[in-house]
1. From the list Asp209, Asp216, which residue is surrounded by fewer than 21 Cβ atoms within 10 Å (Cβ to Cβ) and at negative phi?
2. Criterion first (at pLDDT 85 or above and surrounded by 15 or more Cβ atoms within 10 Å (Cβ to Cβ)) does Val64 satisfy it?
3. Does Val87 count as part of a strand (DSSP E or B), under 18 Å from the mean Cα position of the chain (by Cα), modelled with pLDDT of 95 or more and not polar (S, T, N, Q)?
4. Report whether or not Gly35 is modelled with pLDDT under 90, surrounded by 13 or more Cβ atoms within 10 Å (Cβ to Cβ) and small (Gly, Ala, Ser).
5. From (1) within 18 Å of Val219 (Cβ to Cβ); (2) out of contact with any Phe, Trp or Tyr (no Cβ under 8 Å at 6 or more places or on another chain); (3) among the aromatic types (Phe, Trp, Tyr), pick out the condition that doesn't hold for Phe37.
6. With the condition kept exactly as written, say whether any residue in segment 90-104 is in a strand (DSSP E or B), exposed (fewer than 15 other Cβ atoms within 10 Å of the Cβ) and among the hydrophobic types (A, V, I, L, M, F, W, C).
7. Hey, can you tell me all the residues within segment 219-239 that are acidic (Asp, Glu) and either part of a strand (DSSP E or B) or crowded, with 22+ Cβ neighbours inside 10 Å (or both)?
Amino acid sequence: MKTQSAPFFPPSGAFADAVQSSQNAPPYYIPFERGRFLLRDADLLLVRSGGVVPWLGRGVHGHVATVARWNSEPFVLETRPGGGRAVPLDAFLRRNPRRVDVFRPNPDGRWPEYRPERCVAFLRRALSARYGWRSVFAAAFARLPGTRRLWGAAYFDDAKFADATSRFPETCASECLDAVRRLDRERPRRASFHCAEARALADRWAGVDAIPFLSDRFVEPADLARSPFYRYQFTFAAL
């Protein structure tokens, strides 16, 4: 029998229960002024954007972003065409009214090795990376029958992780917001990620492979929504 989890404190359960609560439950809308105080660093934001990504993929979400706080203000780190950026939460929500679902990583502490501050630090460094168009096209192309054989074992391999984490500039944990948001044009921006790939890499940098047995470049927003590592919390109502 289908059951709906209570807001914010859904009961823990097996993988099927986690998938059911995150994918099939109707959105639980709460206002901005309430929701902003419930957010934590490294909370996952999935946007029901429509368009090509959900149509080609396996779910309703088309964009991935992450919550990061500077002092008491929540900001959103996102990887988009044109490069990474950090934007205020209210601006992000105005651009995506009533479409931003909040997921909590490691909600029950089942993965004690996970360190959310490392996830945020990774994504802050990744602001200087290019957008991973090649990975987007590869993930879309892999939907065609038989094309997965072109990658072979690389489809399930995460070997790109070590290479990707060495390609963008280091940052200081205490650097100010202005420095984080300013892209370093003098460095070679060789690293490239699409939004779901960046989050998958960040979580593994933080200690947990949220989507095992799948190369990060093939991870889609729907894969993150279905992962038992995350749990749906609420959806932001329109400002």
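1. Numbers: Asp216 fails: surrounded by fewer than 21 Cβ atoms within 10 Å (Cβ to Cβ).
Being surrounded by fewer than 21 Cβ atoms within 10 Å (Cβ to Cβ) and at negative phi holds for just one of Asp209, Asp216, which is Asp209.
2. Here the answer is yes, as Val64 does meet what is asked.
3. Numbers: part of a strand (DSSP E or B): yes; under 18 Å from the mean Cα position of the chain (by Cα): yes; modelled with pLDDT of 95 or more: no; not polar (S, T, N, Q): yes.
Considered against the rule, which asks whether it is part of a strand (DSSP E or B), under 18 Å from the mean Cα position of the chain (by Cα), modelled with pLDDT of 95 or more and not polar (S, T, N, Q), Val87 comes out as no.
4. It is false that Gly35 is modelled with pLDDT under 90, surrounded by 13 or more Cβ atoms within 10 Å (Cβ to Cβ) and small (Gly, Ala, Ser).
5. (1)
6. No: segment 90-104 contains no residue that is in a strand (DSSP E or B), exposed (fewer than 15 other Cβ atoms within 10 Å of the Cβ) and among the hydrophobic types (A, V, I, L, M, F, W, C).
7. Scanning segment 219-239 gives a single hit, Glu220.
The values are calculated or read from the model by the stated rules, or taken from the named source; none is laboratory data. All of these numbers come straight from a predicted model, not from anything done at the bench. Every residue, glycine among them, receives a Cβ derived from its backbone with ideal geometry; neighbour counts consider all protein chains shown.
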